[in-house]
Amino acid sequence: MTVRIGVEEEFHIVEVETGRLVPRADMILEKLPPQTFTTELQQATVESNSGVHASLGGLYGDITGTRRLLDAAATANGLAAVAAGTVPLARTADIHPTAGRRYRHMVDEYRMVADEQLICGTHVHVDVPDRDLAVRVMCEVSPWLHVLLALSASSPFWLGADTGYASWRTMLWQRWPTAGPAGCFADAAAYDAAVRDLIDSGVISDAGMIYYDIRPSAHQQTLELRICDACPRAETVVLIAGLFRALVTEAVERLSGTRVPACAGRHEWLRAATWRAARSGLEGVLVDPRTRHEAGAAQVVRGLLDRVRPALEAAGDWHTVRDLAERALADGSAARRMRRTATAEDLLACTDLAIAETRGQTGRSRRTVADPAGHLTSPEPATQDTPGPRPARLAEH
């Protein structure tokens, strides 16, 4: 049976004419179905939740349909949605936290870490009904997660400056006390005990603030990928979802026959590998999990494809994922495309590009970005492939 997947996407809300973030999430959400869209810590961000899907085609139709709904609600107010780790012209003056006791506590407790949470990510959920197994799978797939980050990298600019990184969102995100590699746990009880210890320490207030690169969902029977930037192109989301599902499927099959964790320890290199992926994206070297040495990004990505090919073929995803991966390598990361546009024009044009790609456009101009009717047609949204709960939301953050 094909393992089901779902996706959460976070979107920046910007003013079309200036490219600046605007705190209008509540206004936009009034026009959108609450079972699909919700708030985030900052009022300049909206989150969407896909349905649960067995096929990548169904997921793609869902994502593109959801993006069209959000685009219509935003353009009705002279605004636009941007799926990217950061937007180039963000300012800390754009800070307007969403109302609520939990968010207020986060702002008061974490100060600038929360104040500068002007970032967006893509989260992928994969069904793993056995929670003990899900916790053990975390350890097995963690060495490959930085490759998925490199594929998603879309945040080269911060507060109007080029950071030199492909994913500056990663650098900002890792300031939270529980962000980064998850580590290894023998079973769900060991993981839950570690979470309780963190809550009891007072450093975090609840389990929803476990921001590991991968974690078992607190509300669904899923394993959740959290390392990736938001992706301007919906196709990149599908690529990452397909690869992550294949990694999880391969690990589940490998671990199902033993109760002994396969982890050999020494995971200190994972944070370094994540830093390298955030720095380079697809345009430089990555750490190859097979050797823990530097290698070209294309070599590492193709190594991941080779590793999970049996799982991709079993799910009927091989040709789709391979073709999407080769296109990603040929086109480069979103960070590269944004940088090239900023160099040729300016940061506002860079924002226009991100808006256009979020809408599914292949080209970009000021006229079409500003025109609510100018977005291109993408596939109609698909219905859920199989019955079941929607992927978990981010527990108010």
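The values are calculated or read from the model by the stated rules, or taken from the named source; none is laboratory data. All of these numbers come straight from a predicted model, not from anything done at the bench. A quick note on method: Cβ atoms are made from the backbone with ideal geometry, for glycine too, and the neighbour counts reach across all protein chains shown. All accessible areas refer to the heavy atoms of the entire protein, side chains included, with ligands and DNA or RNA removed. Shrake-Rupley method; radii C 1.70, N 1.55, O 1.52, S 1.80 Å.
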Among the candidates Ala44, Ala83, Ala72, which residue alone is among the aliphatic types (A, V, I, L, M) and in contact with a Ser or Thr (Cβ under 9 Å, 6 or more places away or on another chain)?
-> Ala83
Check whether at least one residue in the stretch 118-133 is among the hydroxyl-bearing types (Ser, Thr, Tyr) and closer than 27 Å to Ala277 by Cα, and report yes or no.
-> yes
Test result for Tyr60, of a type in the set (Phe, Trp, Tyr), within 26 Å of Arg337 (Cβ to Cβ), in contact (Cβ under 8 Å) with a residue 24 or more places away in the chain and open to solvent by 10 Å² or more (accessible area, probe 1.4 Å) = yes
Leu70 fails exactly one of the following numbered conditions: (1) within 18 Å of the chain's Cα centre (by Cα); (2) at pLDDT below 90. What is the number of that condition?
-> (2)
For Thr98, are the conditions met, namely being open to solvent by 10 Å² or more (accessible area, probe 1.4 Å) and under 19 Å from the mean Cα position of the chain (by Cα)?
-> no
Out of all the residues in the stretch 305-338, which are open to solvent by 20 Å² or more (accessible area, probe 1.4 Å), in contact with a Phe, Trp or Tyr (Cβ under 8 Å, 6 or more places away or on another chain) and more than 30 Å from Arg254 (Cβ to Cβ)?
-> none
Quick one: what pairs do we get from the stretch 87-116, first residue closer than 16 Å to Glu40 by Cα, second surrounded by fewer than 19 Cβ atoms within 10 Å (Cβ to Cβ) and hydroxyl-bearing (Ser, Thr, Tyr), C-beta under 6 Å, 6+ apart or different chains?
-> none
Condition met for Ala114 (out of contact with any Lys or Arg (no Cβ under 6 Å at 6 or more places or on another chain) and closer than 29 Å to Leu56 by Cα) | no
Could you list, in sequence order, all residues of the stretch 1-51 that are polar (S, T, N, Q) and more than 21 Å from Asp62 (Cα to Cα)?
-> Thr18, Gln42, Gln43
Which one of these does Leu133 not meet: (1) more than 23 Å from Leu32 (Cβ to Cβ); (2) among the hydrophobic types (A, V, I, L, M, F, W, C); (3) open to solvent by 30 Å² or more (accessible area, probe 1.4 Å)?
-> (3)
Mind listing whichever residues of the stretch 1-39 are within 19 Å of the chain's Cα centre (by Cα), open to solvent by 10 Å² or more (accessible area, probe 1.4 Å) and either under 20 Å from Leu89 (Cα atoms) or β-branched (Val, Ile, Thr) (or both)?
-> Glu10, Thr36, Thr38, Thr39
Grab the helices (runs of 4 or more DSSP H) fully contained in the stretch 314-397, keeping just those with 3 or more residues being at pLDDT 95 or above and not β-branched (Val, Ile, Thr).
-> 318-331, 334-344, 347-359
Which of the strands (runs of 3 or more DSSP E) contained wholly in the stretch 1-98 include at least 1 residues that are over 21 Å from Ser217 (Cα atoms)?
-> 5-15, 45-49, 79-82
Any residue in the stretch 298-312 that's more than 13 Å from Ile240 (Cα to Cα) and modelled with pLDDT of 95 or more: show its pairings with residues that are of a type outside the set (D, E, K, R) and not in a helix (DSSP H, G or I) at Cβ separation under 6 Å, as long as the two are six or more apart or on different chains.
-> Val300/Leu286
